[in-house]
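Beneath this line is the structure, given in structure tokens, with notes to follow.
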Amino acid sequence: RYKKLEDLLEKSFSLVKMPSIQPVVMCVMKHLPKVPEKKLKLVMADKDLYKACAVEVKRQIWQDNQALFGDEVSPLLKQYILEKENILFSNDISVLHNFFSPSPKTRRQGEVVQKLTQMIGKNVKLYDMVLQFLRTLFLRTRNVHYCTLRAELLMSLHDLEISEICTVDPCHKFTWCLDACIREKFVDNKRARELQGFLDGVKKGQEQVLGDLSMILCDPFAINTLALSTIRHLQDLVGQDTLPRESPDLLLLLRMLSLGQGAWDMIDSQVFKEPKMEAELITKFLPMLMSFVVDDHTFNVDQKLPSEEKGPIPYPSTIPEAFTKFLQENRIACEIGLYYILHITKQRNKNAFLRLLPALVETFSDLAFSDIFLHLLTGNLTMLGDEFALEEFCTSLFDGFFLTACSRKENVHRHVLRLLLHLHHKVAPAKLESLQKALEPTKQSGEAVKELYNQLTEKLELRKPSPAEVTETPSMELPLPTVPTPASR
């Protein structure tokens, strides 16, 4: 079937350097499922020829040349990470449009995912190479955006119905089901059962699949969906007078969160078994979160009762020591606790926010100072915009939380400046002045911090009332009497 093309290639290849013949040679190679090895080597050795040949030919070169393929993929992966970080540090702060707003389908239309999908085509070997690059980079950097790309790439091939790859990736059906949950930002009962079926179906001798599943669950979009679903479940349980340990759906969410959070350790240690869930998380920590929800309800009801000579009931201001300890020592508890704080901020619940804020200064792996949490928190704080005029609120938020880490963590410095650029007009002038001093970049500060600080300074300069006009020596002329204009009569 391809004999004619092979003969044509044999005859024309020697003239491949001729501009008029080159497109013909390239087109012939493009349509050959297997270009002779010799010709591939000649193309590979010549930079211009390599550049000119079609991706179908390059795939044949790449599959036996991992280093060359790595050189092609590497800039794309760097670009992908940079794009994700740019969104997290974007100057647009909004509760409606944040990092997690775009749907999975929209995200995989992104340039990098599309380019990688095209480079892989239907080639299982190249797909495996990309996955290997992603695993290695995730291990080396702990950057969770590589986990997002792992899932997006698989789903992009799924969209194109490339069964050659989808049928051999054991994570395909799990990722497809989870993708639907991420789209809805909620894990419903039916999908929860499906996901559980996939996890329980990992057979003996195939435990390595857990490594890939954990990486897909470590994708921030998956963690976000699981954590939001957990908070929603806890609120439902309060209404049903049910304890967390009696809810199988909640236990499954925790199991998946735990698997996702343990991805790095699992791939690093190559010990493929699900992390053990601490009983206290279910028997102590989650009921404690539910008691916070109850505190809110009780306080709100008390506010509405007619006050018959009773003093105003204060909102509980202390936090159980156990809560702070859980946030410091248990990764899953910390993740759920942070999402609960995001939830109450979005609800404009100032009392609950100020009560729990001190627990964020020291958290497991400094999770409260991670870019994703700070990106979401700054967005949600716009809902409490009017509170920024109050000294007490600003002192708790800035002095008690943000500024404790600014000097040692540049990303926190950037997020505070982003927040102030957005809300500076709400902050009391005296507080703003002290914050401006506290946030001044040092010599060690990066360009991004200096740039944001300069933007803030410019905005504050514009807001300053212009100095009173210098009074000139009064002139000796008498002022002209003002004549009313026709409009003002």
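The sole residue among D366, D399 that is within 19 Å of H422 (Cα to Cα) and open to solvent by 10 Å² or more (accessible area, probe 1.4 Å) is D399. Out of the residues in segment 154-170 meeting the condition of being under 13 Å from D212 (Cα atoms) and surrounded by 19 or more Cβ atoms within 10 Å (Cβ to Cβ), tell me which one is modelled with the lowest pLDDT. Looking at the filtered set, the residue picked out is D169.
Considering every residue within segment 60-78, establish whether at least one is assigned to a loop (DSSP other than H, G, I, E, B) and closer than 30 Å to V144 by Cβ. Please lay out each step first, then the result.
Pass one, segment 60-78, residues assigned to a loop (DSSP other than H, G, I, E, B): 63-65.
Then keep just the ones that are closer than 30 Å to V144 by Cβ; that gives 63, 65.
The answer is yes, given that some residue of segment 60-78 is assigned to a loop (DSSP other than H, G, I, E, B) and closer than 30 Å to V144 by Cβ.
Take the conditions within 25 Å of R255 (Cα to Cα), modelled with pLDDT of 95 or more and of a type in the set (G, A, S) and apply them to G337. Does it pass? Please lay out each step first, then the result.
Details: within 25 Å of R255 (Cα to Cα): yes; modelled with pLDDT of 95 or more: yes; of a type in the set (G, A, S): yes.
In short, yes.
Condition check ((1) touching a residue at least 40 places away in the same chain (Cβ under 8 Å); (2) of a type in the set (V, I, T); (3) in a loop (DSSP other than H, G, I, E, B)) across all residues:
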| site | (1), (2), (3) |
| --- | --- |
| S317 | no, no, yes |
| T324 | no, yes, no |
| C334 | no, no, no |
| I341 | no, yes, no |
| F353 | no, no, no |
| L356 | yes, no, no |
| L367 | no, no, no |
| T378 | yes, yes, no |
| E387 | no, no, no |
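Hey, could you check segment 197-224 for residues that are open to solvent by 60 Å² or more (accessible area, probe 1.4 Å) and not small (G, A, S) and say which is farthest from N123 (Cα to Cα)? Here the answer is D200. Among the residues examined, D249 qualifies as assigned to a helix (DSSP H, G or I) and in contact with a His (Cβ under 8 Å, 6 or more places away or on another chain).
Scanning segment 86-93 turns up no residue that is in a helix (DSSP H, G or I) and within 14 Å of E152 (Cα to Cα). The single condition among (1) farther than 19 Å from V202 by Cβ; (2) open to solvent by less than 20 Å² (accessible area, probe 1.4 Å); (3) not hydrophobic (A, V, I, L, M, F, W, C) that G260 does not meet is (1). Here is a check on your reading of the model: is E194 more than 22 Å from the chain's Cα centre (by Cα) and of a type in the set (D, E)? Criteria met by E194.
The values are calculated or read from the model by the stated rules, or taken from the named source; none is laboratory data. Everything numeric in this text was worked out from a predicted model, so none of it was measured. So basically every Cβ, Gly included, is an ideal-geometry build from the backbone, and we count neighbours across all protein chains shown. These accessible areas exclude ligands, DNA and RNA; they are computed on the full protein's heavy atoms, side chains included. Shrake-Rupley method; radii C 1.70, N 1.55, O 1.52, S 1.80 Å.
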